[in-house]
Each structure stands twice: as structure tokens, then as C-alpha cells.
Amino acid sequence: MERPRFFYDGTCRFCRLWVRRWKKTTGEAVEYVPFAAGEKRPSSEFVGTDGSVSPGAEGVFRLLATTTRGRLLRWYRRVPPFAWASEIAYRIVSSCRVCAYKLTKTIFRLLRIDDPV
């Protein structure tokens, strides 16, 4: 594998919104792959070039670390309360992705943040 991959639910509007935003940041550094049609997974997954798999919040932080200094990933790995809170937040969002999508869109609108097309 020549570049890392990020697997996500392509039928989820919340997931697609964030993948569009992350693509603007990561460019071609990461390949974004929607789950196969009808395939249900408990979370998104980041697969590194070495084949290592990180689901959930850790996967998102590894994704972001491909183009940043990786501060959030270091916190995740070194500060257990941060890792715990990150995974809880990830589970809350994944339990109601429609709600998370609507909340995100509202916040973007209030803060006048453009939604990438």
C-alpha cells in the first residue's frame, strides 16, 4: 500500500461532510474509501501504510496527523483521560449521526464556515 487509507460510511451525511473537509487538508496524502454498499461497521478506520488499523477517534487523529504535527494523536496516546473522552465523544456522535450532522451544519452556519462541496 503506497498511502494510508481512511474507511468511512459513505451513506452517512455527517461522515461525508467531514471527509470533504479533511480531503481539503490532506490532499492526496490519504485515500478515502467508503465502506462497501450495505456493509455495516462500528466505526471509521484508518489503515496505515504498515497495515496497522486504528478505529474510532484514534483513527481520526492518525488521519489528521498525516498533515499536521500530530498533537491530538500524541495527546490521545499519552494522556489516558483524553483518549477516554475522545472515544466517548466518538461513540456519542456515532450513535446519532443525523443529530451530529445537523448540529455541525448549524455551528458552521453560525460561525460562517464554508462547507466544502
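The values are calculated or read from the model by the stated rules, or taken from the named source; none is laboratory data. Bear in mind that the values here come from a model prediction, so they are computed numbers and not experimental data. In this analysis, Cβ positions are derived from the backbone assuming ideal geometry, glycine residues included, and neighbour counts consider all displayed protein chains.
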Restricting to the range 40-70, and then to whatever is of a type in the set (D, E, K, R) and at pLDDT 95 or above, can you tell me which residue is farthest from TRP18 (Cα to Cα)?
ASP50
Scan the range 15-34 and give yes if some residue there is buried (at least 19 other Cβ atoms within 10 Å of the Cβ), at pLDDT below 95 and in contact with a Ser or Thr (Cβ under 6 Å, 6 or more places away or on another chain), otherwise no.
yes
Sole exception among (1) touching a Gly at 6+ places or on another chain (Cβ under 7 Å); (2) farther than 17 Å from ARG97 by Cα for GLY59, by number:
(1)
Quick check on the range 1-13: of everything there that is crowded, with 17+ Cβ neighbours inside 10 Å and modelled with pLDDT under 95, which residue is farthest from VAL93 (Cα to Cα)?
ASP9
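Taking the stated definitions as given, is PHE6 of a type outside the set (Asp, Glu), in contact (Cβ under 8 Å) with a residue 24 or more places away in the chain and not in a helix (DSSP H, G or I)?
Yes; evaluated as a whole, the condition is true for this residue.
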Within the range 52-63, can one find any residue that is surrounded by fewer than 18 Cβ atoms within 10 Å (Cβ to Cβ), touching a residue at least 60 places away in the same chain (Cβ under 8 Å) and touching a Pro at 6+ places or on another chain (Cβ under 9 Å)?
no
Which one is farthest from the chain's Cα centre (by Cα) among residues in the range 12-46 that are of a type in the set (D, E, K, R) and part of a loop (DSSP other than H, G, I, E, B)?
GLU39
Given the range 55-117, what helices (runs of 4 or more DSSP H) lie entirely inside it while holding 2 or more residues that are of a type outside the set (Lys, Arg) and in contact with a strand residue (DSSP E or B) (Cβ under 9 Å, 6 or more places away or on another chain)?
56-65
